[in-house]
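The values are calculated or read from the model by the stated rules, or taken from the named source; none is laboratory data. This is a predicted model, so every value here is computed, not measured. For neighbour counting, all protein chains shown are included, and Cβ atoms are generated from backbone atoms with ideal geometry for every residue, glycine included. For the accessible areas, the whole protein counts, side chains as well, though only heavy atoms, and no ligand, DNA or RNA atoms are used. Shrake-Rupley method; radii C 1.70, N 1.55, O 1.52, S 1.80 Å.
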Amino acid sequence: MELKSRHLLGLKGMSKEEIELILETAVSFKEVLNRPVKKVPTLQGFTIVNLFFEPSTRTRISFELAQKRLSADTINFASSGSSTSKGETLKDTAQNIESMKIDMVVIRHASAGAPAFLSERLKSNIINAGDGQHEHPTQGLLDIFTLTEKFGDIKGLHVVILGDITHSRVARSNIYGLKALGADVAVCGPPTLIPRHLEELDIKVYHHLDEAIQNADALNVLRIQLERQTSGLFPSVREYHRTFGVTREKLAKSKKAITIMHPGPINRGVELDSDVADSEHSVILDQVLNGVAIRMAVLYLLSSKK
Ligand code: CP
């Protein structure tokens, strides 16, 4: 069994078997992360560039750490301070860097489709580290990996994704991955932040948090993109917190102890209260650690596909 594509552009269309292969491979790499010497020679001789055209804390550090744990040589590119400010195009930037004998490119970009664009123009394996409002496949995979650690089988698991679904690449990758594995996926948020026709994809839609969490096993709380607050998609941050903010009081009405997830960065006191984010039901920091194992698995599996 191997991955069909030599790139990871998204989880849309990825089979259950491919996702399971990544998850199983990540289990072995997580074991490496728990050793006193957290390094294996798997990608010795490989050179990987991390092209980040958008800010990132978790994903950038996680990819870099995954590459170092696999003994690859790592180059970090940040658009600020680069020749992008002189007008160089994405294609020219990427092709110039690749000409220095690069094997893989990890890219985060504000434009949906930027990783696919590079995959048609470069020889390197391309990994999407988040492209606009399209997908964030390694985030989806690390979220699913964290759920498998907690619950075992994903099939039939009740997962609610809460917040700005319309603009969220994290939501999209989670939905594709979870559905492929047979999870029972629901979304919850204000009507202005939920795309139409999700029911046609067999996804339940809720506009009231107390209804959404009645049977939930896990609640994946998305960051409210405060930069969108000017576009009037919800009345105010205070109103959002009152209606959809996750608090201990609201969770107490659920039948089960719900596992709390968040991709980060958290707006504490907006979408998620601090005492919930830091509670015994939160797996947020597990998600971050699992991100390294998942990215090691993805890098390893793609490294054999030229
Ligand atoms: N979850 C996530 O993508 O976080 P960063 O933006 O910090 O990478």
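Along its principal axes, the chain has C-alpha extents of 56, 43, 37 angstrom, given from the largest down.
Order M104, M1 by their accessible area, 1.4 angstrom probe, all chains in place, largest first.
Per-residue accessible area, sorted high to low, gives M1, M104.
Between K305 and E31, the FRET efficiency from the beta-carbon distance, with R0 = 35 Å, is close to 0.90.
Taking 18 Å as the straight-line reach from the Cα of K39, the aspartates and glutamates in range (excluding those fewer than 8 positions away in the same chain) are E31, E64, D73. Extension gain for H197 to D73 (0.36 nm times residue separation, less C-alpha to C-alpha distance): 40.2 nm.
For V292, the solvent-accessible surface with a 1.4 Å probe is about 10 Å², rounded to the nearest 10. Could you check the simple spin-label distance between K16 and S83, using points 7 Å along Cα→Cβ, in nm with one decimal? It is 4.9 nm. Within the set K4/K305; K30/K305; K179/K250, which residue pairs have Cα atoms separated by over 19 Å? Pairs exceeding 19 Å: K30/K305; K179/K250. Take the Cβ atoms of H207 and D286, set R0 to 22 Å, and the FRET efficiency comes out at 0.15. Computed over the chain, relative contact order equals 21 percent, with contacts defined as Cα pairs under 8 Å that lie 6+ residues apart. Annotation: peptides 168-175, 236-243, ranked by per-residue average of other Cβ atoms within 10 Å with the highest first, follow the order 168-175, 236-243. Per the Kirkwood formula applied to alpha carbons, region 137-284 shows a radius of gyration over Rh ratio, Rg over Rh, of 0.92. Spatial offset of region 151-226 relative to region 52-114 amounts to 30 Å, using the alpha carbon center of each. Determine, from the Cβ-Cβ distance of E239 and K101 and an R0 of 45 Å, the FRET efficiency 1/(1 + (r/R0)^6), rounded to the nearest 0.05. Once the sixth-power term is evaluated, E becomes 0.25.
Please calculate how many Å² of accessible area the chain carries per residue, with a 1.4 Å probe and no DNA, RNA or ligand atoms counted. Spell out each step's value before the answer.
Working: 13630 Å² over 306 residues.
In whole numbers, the chain has 45 Å² accessible per residue.
Kindly rank 249-260, 6-17, 294-305 from highest to lowest mean number of other beta carbons found within 10 Å of each residue.
By packing density, highest mean first, the sequence is 294-305, 6-17, 249-260.
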